[in-house]
Amino acid sequence: MYQSKLFTKTRKEAPKDEVSKNAQLLIKAGFINKEMAGVYSFLPLGLRVLNKVNNVIRDEMNKLGGQEVFLTSLQEKANWEKTDRWSDEKVDIWFKTKLKNDTELGLAFTHEEALTALMKNHIRSYKDLPAYPYQIQTKFRNETRAKSGIMRCREFPMKDMYSFSKDTAEHEAFYEKSKAAYQNIFNRMGLGDKTYITFASGGTFSKYSHEFQTVSSAGEDLIYICDKCKIAVNKEIIQEQNKCPACSGENLREEKAVEVGNIFNLGTKFSDALDLTYLDEKGVPQKVIMGSYGIGPGRLMGTVVETLSDDNGLVWPVEISPFRVHLVQVGDKDDVKKAAENLYEELCKASIEVLFDDRDLRPGEKFADSDLLGLPLRIIVSEKTLMSSEYEVKERKTGKVSMVKEVDICDFVKKYK
Ligand code: ATP
Ligand code: MG
């Protein structure tokens, strides 16, 4: 992509009405646009990141046996009444709307009700189980506070998976596997070492549910980490038991953290309310055991910005960076232009994603923009590099510069992790 053709512009100053670092940086770099408090649009660079985050999540969900679906945001009141979650007293984050004939509808803040009702059309006998539908879909929540940029929105993408199992053993085996898949997702996003599986209250059906909490000063939650077991408990659990659920150690360290995902044992709560049963091997009807597994791709992207960016701007891990390489042409003499263009074509031919800064700007401005956009590798083409047969490749994360021979450049870039 030619940067001269990119319609988004970087800004010198962060918007004054934003307090969160993720929104400030993403708006400054032209990745997102603020529509109103807690409502953001994704622009080309931001959408490339979000799509990559979604694809990492998809990859891990598909490996678990997940099957992708896409449900509607408009939801029927009747299903919500069955689980007693329709009234605004019970659920204080509803956005609701009406048809012209006054029929009330809800704008989905989650999909347990809708998906359980849907699965009644497909689950008949034990042969139809287990099933693991998931989606990456827009949720609406009338959140009271929306000051954390894209980490807490009133309209936001959520990956929500639901498991439908025959019995508790089948459910529990999947629940354990899902923990490992979640950890893979956070590792691939560069958040592995800061993300703790966190014991939370489990509701009626199990002692615990589990949150995935990434340590960050921008977090709205407090967690209590056991450094020995590398797990944590949340605020509810620390009040019930002042110790690590794994080793019973009492030496827990308090940290601010962002809940990037959670997994929940639903038992038969929804299959009871919406009457989702299957016939077992003897032909006897049984209730389906359910679980839910959420991740916020937008919140995850915001958390990456909060934890990995530096004073000069964004810093993207390779897997979710909008482009792998920022090719920066310095100087506008014909030979420099031609060399930069040639290198751009060579990188593209090697299937490397490149943002090519071909703009006619001062080098200082180009470098400042390059730091702000945060692509993993920067290659400079200038009069100086033309004199040698080597390119200067700078790693955004560490500032480390490598001199790479022209013949090795595609290899070097492809291997970079
Ligand atoms: P929180 O306690 O932070 O409000 P939650 O418990 O309401 O989160 P869930 O309903 O379990 O969250 O949603 C699943 C995932 O969706 C969360 O782990 C989080 O990553 C994401 N998420 C939840 N609310 C928001 C929001 N308002 N904006 C962006 N992402 C969100
Ligand atoms: Mg919430």
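The values are calculated or read from the model by the stated rules, or taken from the named source; none is laboratory data. No experiment lies behind these values; they were computed from the predicted model shown. Here Cβ is always computed from backbone atoms with ideal geometry, including for glycine, and neighbour counts include all displayed protein chains. Quick note on the areas: whole protein, heavy atoms, side chains included, nothing else; ligands and nucleic acids left out. Shrake-Rupley method; radii C 1.70, N 1.55, O 1.52, S 1.80 Å.
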The lone condition Glu281 fails out of (1) away from ligand 1 (no atom under 16 Å from the Cβ); (2) part of a helix (DSSP H, G or I) is (2)
Selection over the stretch 263-310 where residues are among the aliphatic types (A, V, I, L, M) and closer than 25 Å to Phe140 by Cα yields a count of 10
With the first residue restricted to the stretch 251-273 and required to be without any contact (Cβ under 8 Å) to a residue 40 or more places away in the chain, and the second required to be among the hydroxyl-bearing types (Ser, Thr, Tyr) and buried (at least 19 other Cβ atoms within 10 Å of the Cβ), Cβ contacts under 8 Å at 6 or more apart or on different chains are Leu252/Tyr224; Arg253/Tyr224; Glu254/Tyr224
Taking the stretch 33-50 and keeping only residues that are open to solvent by 30 Å² or more (accessible area, probe 1.4 Å) and small (Gly, Ala, Ser), one is left with Ala37, Ser41
Selection from the stretch 112-162 of residues within 15 Å of ligand 2 (Cβ to nearest atom) and among the acidic types (Asp, Glu) yields Glu112, Glu143, Glu155, Asp160
inquiry  = Would you confirm, using the coordinates I've provided, whether Gly302 is closer than 30 Å to Arg396 by Cα, within 16 Å of ligand 2 (Cβ to nearest atom), touching a strand residue (DSSP E or B) at 6+ places or on another chain (Cβ under 7 Å) and not aromatic (Phe, Trp, Tyr)?
reply    = no
Among Phe212, Phe264, the single one that is open to solvent by 50 Å² or more (accessible area, probe 1.4 Å), within 15 Å of ligand 1 (Cβ to nearest atom), among the aromatic types (Phe, Trp, Tyr) and in the same structural domain as Lys77 (by TED's automatic domain parsing) is Phe264
Restricting the stretch 367-417 to residues that are hydroxyl-bearing (Ser, Thr, Tyr) and crowded, with 20+ Cβ neighbours inside 10 Å, the one nearest to the chain's Cα centre (by Cα) turns out to be Ser370
Only one of Glu81, Glu89, Glu60, Glu76 is more than 14 Å from ligand 1 (Cβ to nearest atom), open to solvent by less than 50 Å² (accessible area, probe 1.4 Å) and among the charged types (D, E, K, R), namely Glu60
Among the residues of the stretch 115-134, the number that are touching a residue at least 12 places away in the same chain (Cβ under 8 Å) and either farther than 24 Å from Glu155 by Cα or open to solvent by 20 Å² or more (accessible area, probe 1.4 Å) (or both) is 13
If we keep only residues of the stretch 92-114 that are crowded, with 20+ Cβ neighbours inside 10 Å and within 14 Å of ligand 1 (Cβ to nearest atom), then the residue nearest to Leu274 (Cα to Cα) is Glu113
